[in-house]
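K.L.:
The structure is given below, and queries will be raised subsequently.
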Amino acid sequence: MITGERMGAVDENAAALGVPRKQLMESSGNAVARAVRDVAEPGDRVAIVAGRGNNGGDAFVAARFLDRYDVTTLLLGRAANVGTEIARENWDALEEAEYDTREVTDSSQFELPDADVVVDAMLGTGISGDLREPAATAAAEINAADATVVAVDVPSGFDADDGDHADNGVEADRVVTFHDTKPGLEDLDAEITVADIGIPAAAERYVGPGDIDLARPDTREGRPNVIGGGPYTGAPALAAQAALRSSAELAFVAAPDSVAGEIQGYSEDLIVQSYESDVLTPEVADDLLETAENYDNVVVIGPGLGTADETLEATRQFLSEYTGRAVVDADALEVVPEIETEATLVCTPNRGELARMGGPDTDDLAAAADEIEDFAAELGQIVLAKGENDVITDGERTRISRSGTVGMKVGGTGDTLAGIVAALLEHAEPLDAAAAGAHVNGLAGERLADRQEHGFLASDMLAELPAVLWGGDDE
């Protein structure tokens with residue numbers, strides 16, 4: 001089962017793997033035509049009611065495979081406003097080949113032709129709520145028609161993310177959905193067919209540009225709180241700066257008095273909040289917990305924290321009582337298997353840290369992906385295992401990020417990753433944030449490697465993050 005939102009990411013990943021959406025549209029349209037042929041007799045009247053998106057484009061393709069039938073294709077809106085190039089190309093193909101096509105530019109002008117089969121291709125995944133005009137009028141006529149209704153991907157008015165169906169949505173007799181079923185389709189009073197349209201399994205398994213789109217925030221939001229520093233100062237500064245570069249509006253660093261000034265010196269953009277001890281202690285952890293809970297900040301805990309006994313005890317205490325979202329990195333990782341918590345944790349171990357936590361001891365994380373998935377399930381948290389290939393899993397779903405370069409073995413790249421994930425957690429689901437964060441971090445390294453294969457520093461990667469997330473040149 002796959003949500004409509006996730007399906008969009010998979011489509012984009014497939015294109016990045018060399019299977020473009022135009023090719024998938026051809027396969028989808030062919031699948032719709034097969035479904036029509038299953039319920040129609042040669043010469044039957046088929047009415048296609050299409051929207052201006054790719055859902056309509058699938059139906060435009062289907063029309064070309066239905067020459068044995070009397071087909072009329074109604075476009076809701078003007079052809080000049082068809083929303084994607086590939087859908088517009090398939091509409092143009094129908095017009096050039098002199099198929100019966102009609103534009104409906106006003107809901108008052110909509111009139112459904114007499115038909116034995118109606119194809120509903122008005123709205124696909126990504127649409128929720130009650131139908132608006134002209135789709136509302138068209139849906140009412142489709143529902144009133146004495147015809148078999150075949151819906152493309154999902155019935156118009158059906159929310160493919162949560163399974164809700166609008167009160168004025170299309171009531172389909174058959175649904176041809178693509179690649180995998182969508183949540184809630186099984187509850188409809190309709191025959192559901194899942195059509196394989198040629199999306200490679202790798203489009204779901206491997207993290208790609210679609211995953212970045214899924215996790216990318218639209219605006220700056222969030223104020224992650226980095227708890228780190230003591231023995232080391234660069235790590236928390238890198239994590240906080242990476243969060244800022246990845247859409248956080250503010251980034252806080254909680255650190256001992258003795259190093260607070262040094263951390264502040266890395267960047268004037270950081271808000272450094274010092275506490276009176278040389279390392280994190282249980283007493284300090286109580287205060288930090290109250291702040292994090294009150295302000296609902298995403299927490300990053302671990303970078304540069306150290307492994308003093310009282311620090312590890314403070315970390316156990318904090319994570320056991322915390323109920324929000326946290327990225328757990330570096331020195332904080334070893335306490336995670338010992339605790340029970342209501343918090344949502346994204347644990348970011350390297351290969352050695354993964355083994356010390358109780359996960360598989362391996363140099364090839366991708367080959368051990370199933371074992372890492374089992375470990376995450378046992379842990380009850382998300383694991384982002386860092387290596388030549390990163391493995392990201394919540395214990396049920398697993399993705400692999402293949403981005404990155406050997407130059408990223410330099411210290412600090414794990415700290416930038418922690419900050420990126422923290423920023424994305426403000427917008428995205430934890431697994432999506434972790435997967436996208438791993439890919440963004442790796443792509444930032446690749447951008448630097450294109451210019452200097454060896455010799456770049458983790459701090460150099462910070463300037464690459466906006467370009468990877470939003471495109472264009474960095475500022």
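The values are calculated or read from the model by the stated rules, or taken from the named source; none is laboratory data. As the structure is a computational prediction, the values presented were derived from the model and not from experiment. Every residue, glycine among them, receives a Cβ derived from its backbone with ideal geometry; neighbour counts consider all protein chains shown. Heads up: the accessible areas ignore ligands, DNA and RNA and are worked out on the full protein's heavy atoms, side chains in. Shrake-Rupley method; radii C 1.70, N 1.55, O 1.52, S 1.80 Å.
K.L.:
Take every Cα pair under 8 Å in the chain that's 6+ residues apart, average their separations, divide by the length, and report that relative contact order as a whole percent.
P.N.:
12
K.L.:
In addition: Starting from the Cα gyration tensor of the range 413-452, multiply each eigenvalue by 5, take the square root, and state the resulting semi-axes largest first in whole Å. Let's see the in-between values first.
P.N.:
Working: eigenvalues 90, 17, 8 Å².
They are 21, 9, 6 Å, listed largest first.
K.L.:
Follow-up question, since we're still on this one. In vacuum, with every alpha carbon of the range 63-112 counted as one equal point scatterer, what does the Debye formula give for log10 I(q)/I(0) at q = 0.15, 0.18 Å⁻¹? Two decimals, please.
P.N.:
Results for the range 63-112 at q = 0.15, 0.18 Å⁻¹ read -0.42, -0.60.
K.L.:
Treating only the Cβ of Lys, Arg, Asp and Glu as charged (+1, +1, -1, -1), what charge dipole size does the chain show about its Cα centre? Round to the nearest 20 debye. Mind dumping the intermediate values first?
P.N.:
Details: 31 positive and 94 negative charges, 278 e Å.
For the chain, the charge dipole is close to 1340 debye.
K.L.:
Something else: Need one number for the range 82-194: average projected area of the convex hull over its C-alpha atoms, nm². Each step should come with its number before you reach the end.
P.N.:
Working: hull surface 30.1 nm².
Its Cα hull, projected and averaged over all orientations, spans 7.5 nm².
K.L.:
Working from Cα positions, state the angle (0 to 90°, nearest 10) between the long axis of helix 4-16 and the longest principal axis of the chain.
P.N.:
That works out to roughly 90 degrees.
K.L.:
Averaging sequence separations of C-alpha pairs under 8 Å and six or more residues apart, then dividing by the length of the range 417-459, give the relative contact order as a whole percent.
P.N.:
On the way: 20 pairs, mean separation 13.8, N = 43.
For the range 417-459, the relative contact order is 32 percent.
K.L.:
Please list, ordered by chain and number, the residues whose modelled amide H lies under 5 Å from the amide H of GLU249; skip anything fewer than 5 residues away on the same chain.
P.N.:
Hits under the 5 Å cutoff: GLU221, GLY222.
K.L.:
Relative to the longest principal axis of the C-alpha atoms of the chain, give the angle of the C-alpha long axis of helix 54-64, reported between 0 and 90° and rounded to the nearest 10°.
P.N.:
So the helix axis and the longest Cα principal axis differ by about 40 degrees.
K.L.:
Work out the charge dipole of the range 206-250 with +1 on the Cβ of Lys and Arg and -1 on the Cβ of Asp and Glu about the Cα centre, then indicate which of PRO236, GLY208, GLY222 is farthest towards its positive end.
P.N.:
PRO236
K.L.:
Using the per-residue mean of other Cβ atoms lying within 10 Å as a proxy for protection, in what order, highest first, do the peptides 230-238, 3-11 fall?
P.N.:
Highest mean packing first, the order is 230-238, 3-11.
K.L.:
OK, next. May I ask you to give the average projected area over all directions of the convex hull of the Cα atoms of the range 192-284, in nm² rounded to one decimal? Intermediate results must be reported in sequence, preceding the final value.
P.N.:
On the way: hull surface 39.7 nm².
Answer in nm², one decimal: 9.9.
K.L.:
For VAL327, what residues show an amide H to amide H distance below 5 Å, using hydrogens built from the backbone and excluding near sequence neighbours?
P.N.:
Those qualifying (amide H under 5 Å, at least 5 residues apart or on another chain) are VAL299, VAL300, ILE301, VAL346.
K.L.:
What is the Cα convex hull volume of the range 215-260 when expressed per residue in Å³? Working shown, then result.
P.N.:
Values: hull volume 2.8 nm³, N = 46.
About 61 Å³ per residue, rounded to a whole number.
K.L.:
Which GluC sites (Glu not before Pro) does the range 268-307 hold that lie in a coil by DSSP with at most 12 other beta carbons within 10 Å? Provide the component values of the computation, followed by the final result.
P.N.:
Working: sites: GLU268, GLU276, GLU283, GLU290, GLU293; in loops: GLU268, GLU276.
Counting only loop positions with at most 12 other Cβ atoms within 10 Å, the GluC sites (Glu not before Pro) in the range 268-307 are GLU268, GLU276.
K.L.:
Continuing with the same structure: Where nothing but the Cβ of Lys and Arg (+1) and of Asp and Glu (-1) is charged, how large is the charge dipole of the range 358-475 around its Cα centre, in debye to the nearest 20? Walk me through the numbers on the way to the answer.
P.N.:
On the way: 7 positive and 24 negative charges, 53 e Å.
About 260 debye.
K.L.:
Going by accessible area, probe 1.4 Å, with all protein chains left in place, what is the ranking of HIS439, HIS165, HIS427, largest first? Walk me through the numbers on the way to the answer.
P.N.:
Numbers: HIS439 20, HIS165 50, HIS427 80 Å².
Putting HIS439, HIS165, HIS427 in descending order of accessible area: HIS427, HIS165, HIS439.
K.L.:
Also: So how much accessible area does LEU250 have, in Å² to the nearest 10, using a 1.4 Å probe?
P.N.:
The value for LEU250 is about 50 Å².
K.L.:
Let me ask another. For SER277, what residues show an amide H to amide H distance below 5 Å, using hydrogens built from the backbone and excluding near sequence neighbours?
P.N.:
Correct list: ASP257, SER258.
K.L.:
Over the range 381-475, what number does the Rg to Rh ratio reach, with both radii from the alpha-carbon atoms and Rh per Kirkwood?
P.N.:
In the range 381-475, Rg relative to Rh is 0.96.
K.L.:
Would you kindly compute the Cα radius of gyration of the chain and its largest Cα-Cα separation (Dmax), both in Å?
P.N.:
26.1, 84
K.L.:
Let me ask another. In the range 268-381, if the dipole is taken from +1 on Lys/Arg beta carbons and -1 on Asp/Glu beta carbons about the Cα centre, which of THR341, THR362, THR291 is farthest to the positive end?
P.N.:
With unit charges placed on the Cβ atoms, the residue in question is THR362.
K.L.:
Beta carbons within 10 angstrom, averaged per residue: use that to sort the peptides 90-103, 380-393, 314-327, highest first. Please report the intermediate quantities before stating the final value.
P.N.:
On the way: 90-103: 15.4, 380-393: 24.2, 314-327: 21.9.
Result, highest mean first: 380-393, 314-327, 90-103.
K.L.:
In whole percent, and with a 1.4 Å probe on the protein chains, what portion of the accessible area of the range 279-340 is carbon and sulfur? Working shown, then result.
P.N.:
Numbers: 970 of 2430 Å².
That share works out to 40 percent.
K.L.:
Compare the Cα positions of LEU312, VAL175, PRO42 along the charge dipole of the chain (+1 at Cβ of Lys, Arg; -1 at Cβ of Asp, Glu; about the Cα centre) and return the one farthest towards the positive end.
P.N.:
Selected residue: PRO42.
K.L.:
Kindly write out, for the range 377-390 in residue order, the coupling ³J(HN,Hα) from the Karplus curve 6.51 cos²θ - 1.76 cosθ + 1.60 (θ = phi - 60°), rounded to whole Hz, with x marking Gly and Pro.
P.N.:
Karplus-based 3J(HN,Hα) across the range 377-390 equals 5, 5, 5, x, 9, 7, 10, 10, 7, 9, x, 4, 10, 7 Hz.
K.L.:
Give me the 1.4 Å probe accessible area per residue for the chain, excluding ligands and nucleic acids, in Å². Can you show the working numbers first?
P.N.:
On the way: 19750 Å² over 475 residues.
Accessible surface, normalised per residue, equals 42 Å².
K.L.:
Next question, about the same structure. If you average 1/r across every pair of different Cα atoms in the range 22-112 and take the reciprocal, what Kirkwood value do you get, in Å?
P.N.:
Numbers: mean 1/r = 0.0768 Å⁻¹.
For the range 22-112, the Kirkwood estimate is 13.0 Å.
K.L.:
May I pose another question? Sequence gap at least 6, Cα distance under 8 Å: using those rules, report the relative contact order of the range 231-334 to the nearest whole percent.
P.N.:
On the way: 156 pairs, mean separation 27.7, N = 104.
The normalised contact order for the range 231-334 reaches 27 percent.
K.L.:
Which stretch or stretches of the range 181-205 have amide N atoms under 20 Å from the point lying 7 Å from GLN23's Cα along the Cα→Cβ direction?
P.N.:
195-205
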